[in-house]
Amino acid sequence: MNLRDLKYLVALADHKHFGRAAEASFASQPTLSTQIKKLEDELDVQLFERQSRGVLPTRAGADIVQRARLILREVEAIKDIARSARDPEAGALRMGVFPTLGPYFLPHAVPALRARFPRLELLLIEEKTEALYQRLDRGELDCALLALPIDEDAFAHVALFVEAFVLAVPRERASEYSGPLRLNDLRHRQVLLLEEGHCMRDQALSLCELSGAVEKSGFRATSLETLRQMVAANVGVTLLPQMSVLPPVAPNDHLVLKPFVDPPPSRRIGLVWRKSDARERLMRDAAAELAHAAVELLGPAAAISESDKR
């Protein structure tokens, strides 16, 4: 048994298919299949049920996969310690970000990070929130930009900034929303929302519950751009995060953006990493750069006080 075999084991458990697991592991399917069979022979236990459409871990296999994840995570922690000792600001940093933030924030954040950490190779991965948590937990990511709060028992974090929401309404109906809005102005309104899996869907649903608004039935968007186009087509109204309506995002003449009175509904964004990661100083320094970039973009209202960053 070696680390490569454990990586194959975890990959097969994740993908539940020899071909996809081999592709993810940069190995041939026969190689991965052979090594899994050798591992089963060595342990004298069946690890996977072979089915026509893929595989499923047996009960023993699931327990062993869980242990293998812990071993691989500890190996990565050892590498982190060595990398940090050599040069804390060099090497690769695998950063995750969710889709309703990445396209709007990263064009401003990445240049700031590259200027501050010229020896750091920044690798960006965009996934929905739950997938980011899973990849962070498995050691496939080093850190992630996520909406707060988080499970503080498993991860460390620094709060970066507050991002306000605005209401996007069709131009034909803009007169229905006069002056700065309050949440209760949405009472009984039908609001367009994203599909399941987006953290912003959960945030918008919470705001709908507070305001008395309801989700428009029969429609769930896959992206903020889809929501924007549906509003422009006079299908309904929606909540949009502030970054998604700032330049260089092109304005849409068929919709109007309505701000809320202070304090507006908002979301808090933080940088999250594993507590076991030896590069805490790098994470906190990167967080400072990200926070500065956000405040430069959104203005002073986005800033979080030092006491609230923990």
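Nothing in this text is a laboratory measurement; each read-out follows from the coordinates by a stated rule. As the structure is a prediction and not an experimental result, all values here were calculated from the model. So basically every Cβ, Gly included, is an ideal-geometry build from the backbone, and we count neighbours across all protein chains shown.
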> Any idea what angle helix 102-116 forms with the longest principal axis of the chain, computed on alpha-carbon atoms, 0 to 90 degrees, nearest 10?
Replying inline: 70
>> Compute, for the chain, the length of the dipole vector about the Cα centre, with Cβ point charges of +1 (Lys, Arg) and -1 (Asp, Glu) only. Units Debye, rounded to 20.
In response: 260
> Among G139, A301, A156, whose Cα sits farthest toward the positive end of the charge dipole of the chain (+1 at Cβ of Lys/Arg, -1 at Cβ of Asp/Glu, about the Cα centre)?
Replying inline: G139
> Any idea how far apart R173 and A60 come out in nm if each label point goes 7 Å out from Cα toward Cβ?
Replying inline: 6.1
> Going by the alpha-carbon gyration tensor, a ≥ b ≥ c the square roots of its eigenvalues, is segment 77-190 rounded (a/c under 1.5) or, if a/c is not under 1.5, prolate (a/b greater than b/c) versus oblate?
Replying inline: prolate
> From the list [x] 22.8, 73; [y] 19.9, 60; [z] 20.8, 80, can you say which value of Rg and Dmax of the Cα atoms in Å was derived from the structure given?
Replying inline: [x]
> Which ³J(HN,Hα) values, rounded to whole Hz and listed in residue order, are derived for segment 69-81 from phi using the Karplus coefficients 6.51, -1.76 and 1.60 in 6.51 cos²θ - 1.76 cosθ + 1.60 with θ = phi - 60°, glycine and proline given as x?
Replying inline: 4, 4, 4, 5, 5, 5, 4, 5, 5, 4, 4, 4, 4
> Just going by the charge dipole of segment 215-275, with Lys and Arg at +1 and Asp and Glu at -1 on Cβ, which of Q242, V256, S266 is farthest out on the positive end?
Replying inline: S266
> Against the longest principal axis of the chain, how steep is helix 280-298, in degrees 0 to 90 to the nearest 10, with axes from Cα atoms?
Replying inline: 20
> For V191, which sequence-distant residues (separation of 5 or more, or a different chain) have an amide H within less than 5 Å of its own amide H, given hydrogens modelled in the peptide plane?
Replying inline: V214, E215, K216
> Taking only Cα atoms, what is the 0 to 90° angle, nearest 10, from helix 199-211's long axis to the longest principal axis of the chain?
Replying inline: 40
> Between rounded, prolate and oblate, where does segment 50-135 land on the alpha carbon gyration tensor, with a ≥ b ≥ c its root eigenvalues, rounded for a/c under 1.5, else prolate if a/b exceeds b/c?
Replying inline: oblate
> What list of ³J(HN,Hα) values in whole Hz, one per residue of segment 33-38 in order, does the Karplus curve 6.51 cos²θ - 1.76 cosθ + 1.60 (θ = phi - 60°) give from phi, with Gly and Pro shown as x?
Replying inline: 4, 5, 5, 5, 5, 5
>> What are the ³J(HN,Hα) couplings of segment 51-67, residue after residue, when phi is run through the Karplus curve with 6.51, -1.76, 1.60 and θ = phi - 60°? Round to Hz, x for glycine and proline.
In response: 10, 5, 9, x, 9, 9, x, 6, 4, 5, x, 4, 5, 5, 4, 4, 5
> Relative contact order for segment 162-258 using alpha-carbon pairs under 8 Å, separation at least 6, rounded to a whole percent?
Replying inline: 47
> Amide H to amide H under 5 Å from R94: which residues, 5+ apart in sequence or cross-chain, H placed 1.01 Å off N in plane?
Replying inline: L123, D142, C143
>> If R₀ is 22 angstrom, what is the calculated FRET efficiency for the pair E209 and R268, using the beta carbon separation as r and rounding to 0.05?
In response: 0.75
>> Which lysines, if any, have their Cα less than 27 Å from the Cα of K37, not counting same-chain residues under 8 positions apart?
In response: K7, K16
> So if R0 is 51 Å, what FRET efficiency would A232 and R119 give, r being the distance between their Cβ atoms, rounded to the nearest 0.05?
Replying inline: 0.70
> Amide H of S266: which non-local residues (sequence gap of 5 or more, or other chain) have their own amide H closer than 5 Å, using H built in the peptide plane?
Replying inline: F165
